[in-house]
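The values are calculated or read from the model by the stated rules, or taken from the named source; none is laboratory data. Source: prediction; values computed, not measured. The accessibility values were calculated without ligands, DNA or RNA, using every heavy atom of the protein model including side chains. Shrake-Rupley method; radii C 1.70, N 1.55, O 1.52, S 1.80 Å.
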Amino acid sequence: MINEYGNYISDGPDYKYEDGIMNYDLFKNEKIKILWILRETHGKFNPKKWWGDKDYLEKKIEPFDSKDKKGSKKDTWEPVAKICYKILNNKKTKNEYELASALERIAIINLKKTSGGSKITKKFAETVNKQENRDIFITQIKRIKPDVIICGNTLNKIKASEINFREVKGISFSRKAMKKNHYFCFKNVVFINIYHPSNTSIKEEEYIDAAVEAYQYWMNNKDTENWPVLDWQ
């Protein structure tokens, strides 16, 4: 099921899963609402366990440890947190607990709601393209109504008939490492398509700077450029 503010909650007896807005009370009060769209989860998807809350202080748990198997949460979630912290606070931090807490202030969805591997497979493509699955993640995006959508190389999975982000011309990144990707600016939302955060072909600093650069370009120009307003209906 999908609740009123866009969270998907599985109702299967053997697989508990939820994605969408991490903390609605925080998210609704953010001036900039960020949504990340990723591919699929590796095992149980539960970023809520990575907040910088009392559990970290009592148990001395590191917010981002790299002791996991492939697709460790450090590989994926640390760059996500750094980008979001910079956008939400207009500054950087090296404090891992502050970074982890930034994840609580955003929304995160996966295109595929069941566990998979680190590579895109035929099974992944088949699942994503099923109309039932497409209806879920498109409904989520429209109900969340984010200001900033950051796609981990997933924007091409959205069809123009569902959300027409191609109504505007894509803008190329200035950084060579991201030259094959684009971002799309509307008055009310920007779609930023970058590599998946665990991609190793680009340095983390370049990756973060590219995403923030696209956001800042949109923020600095959305009130003066003749961009259309995206209709979420």
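Can you tell me which residues in region 205-218 are within 18 Å of the chain's Cα centre (by Cα) and open to solvent by 60 Å² or more (accessible area, probe 1.4 Å)?
Within region 205-218, the first condition is being within 18 Å of the chain's Cα centre (by Cα), and the residues that meet it are 205-216, 218.
Within region 205-218, 205, 206, 216 meet the criteria.
Hey, which of the helices (runs of 4 or more DSSP H) in region 38-106, taking only ones fully inside, have at least 1 residues that are at pLDDT 80 or above?
On the way: elements: 54-59, 73-89, 96-103.
Counting at least 1 such residues, we get 73-89, 96-103.
Would you pick out the residues in region 1-23 that are within 18 Å of the chain's Cα centre (by Cα), modelled with pLDDT under 90 and polar (S, T, N, Q)?
Passing the criteria: only 23.
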